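Read-outs throughout are calculated quantities, based only on the coordinates presented, and are distinct from any laboratory measurement. Model, not experiment: these values are computed from the prediction. In this analysis, Cβ positions are derived from the backbone assuming ideal geometry, glycine residues included, and neighbour counts consider all displayed protein chains.
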Amino acid sequence: MISYAENNKENKRPARIMVVEDEAIVSLDIQGRLKALGYDIAGTASSGEQAVLATMEMRPDLILMDIMLEGEMDGIDTASVINKTQDIPIIYLTAYADNDTLSRAKITEPFGYIIKPFEDRELNLTIEMALYKHRAESTLNENRRWLKTTFDSIDDAVITTDSHGRIKSMNRSACSLMGNDLNCFSGHEFQETVNIINSETDESINLFSETMEEPCVGDAFLSGPQDAIPVSVNISSIEEKGHVIGKVVVLRDISELKKSEAALKESLKQMNRIFDETVVSLTAMSEKRDPYTSGHQQRVAELACQIAWKMGLSGEAIHSIRIAGILHDVGKISIPAEILSKPTRLTDLEMNLMKTHSEAGYEILKGISFPWPVAKIVLQHHERLDGTGYPNGLSGREILKEARIIAVADVVEAMSSHRPYRAALGLPKAMAEIARGRGISYDPKVVDACTELIEENNFSFEK
């Protein structure tokens, strides 16, 4: 067997052993044997009282303790006193091995028991085993202390169970969340003690059912003696050789998170309301300059959104089209009122000036941080697939899809409504116009969706 000294070459010292023996000759004999085996003598004592004091002063690595000592304290009493204040392995030396003595000795949890007389080999073997066992237990206890400190330092509530779902341990956060200490829950069935409610169905969740996926993560409510506490749940299995020997349930109190989410949602709702009100105000501002087309932008937006929905666009895309549709003519605020309300057809010069409203709208909107390309959609809503539109003569895929949708909706609404210089032409002529320009001026998919919407779904601008 490798000796303690050989195992601790880095420490460069052999084990220091204290001998507690009331017979001087026996004590000297034991000391001589220990030195021959390569150990150091940390001190000696002949009584229990001396041993307690010497141990506190010398701090030996191990104590060889005779059970029969002079004085009021025998070896077992002495070991009990030492164990209360110090962590030192003790081996009993005795010529007595009766059952009563052994029963008393076991209570002190000795690291060995040698019956006199003994051989050096037996002494060496018992000492080395005791030192090894003590080092292993010390390491294990230290790891346990670190683990417990870490366990109790975790903010989340952590509960462990055995394979049958009975509670084995809870950290401080779990005790706090549950409103009691471990003693009240240890050994109890988890499902009967911890009531977790599904936030969607209001039903109790069985975290130990065979159908429960692991790790199980989700939002729920912990039903307690007071109000239900919103929690996130995570459950994982502890396995050993392919068998589940327990489970770890982690509950995180998300009350503050839920409050923050609610506050954020309310703030977002308020921002969206302000956003919508701002858009409506911009629209109203432009329409005050052109009372004859009042409501035009809203109607274009409504038709454009319906077309986008028919084409299967996402809700986000439809929202961007609604905003761009409502604002597509905001640039008309830069056009003189006498041109906007002129009761006769515009001259070429006036028409060229009118065409600048797309660029004017872009200039007004480009400084606003929309989450969508609203300004570009407004700029392009008069562009045409064949490049005959304005202001930049874009063609094909150079034109944003949203702008292509609004372009069709704008033509249909404009031809269906009254203008200062003419009466409404009606939906049939508007549909004929976009049909004639299908695939040339207008996106064929947009035209088809608009046609189906009006002819099959009975879309109407009239309320």
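Quick notes on this one:
- Dipole check for the chain: with +1 at the C-beta of Lys and Arg, -1 at the C-beta of Asp and Glu, and the Cα centre as origin, the magnitude is about 2980 Debye.
- Exceeding the 20 Å Cα-Cα cut-off - candidates 310/366; 84/148; 332/376: 310/366; 84/148
- Mean Cα-pair separation over length for the chain, i.e. relative contact order, pairs under 8 Å, 6 or more apart, %: 7 percent
- Cα centroid separation, the range 95-130 to the range 422-458 (Å): 104 Å
- All distinct Cα pairs of the chain go into the 1/r average, and the inverse of that average, the Kirkwood radius, is 31.1 Å.
- Across the range 260-455, the mean sequence separation of Cα contacts (distance under 8 Å, 6 or more residues apart), normalised by length, yields a relative contact order of 20 percent.
- Percent of Cα-Cα distances greater than 25 Å, calculated over the range 260-455: 35 percent
- Average Cα contact separation per residue, the range 4-151, under 8 Å, 6 or more apart, as relative contact order %: 19 percent
- Within the chain, longest stretch clear of exposed GluC sites (Glu not before Pro) (DSSP loop, no more than 11 other Cβ within 10 Å): 214-455
- Working note: Cα atoms of the range 4-151, range along each principal axis, descending, whole Å: 49, 33, 29.
- If both residues of a DSSP beta bridge must be in the chain, then about 65% of such bridges are antiparallel.
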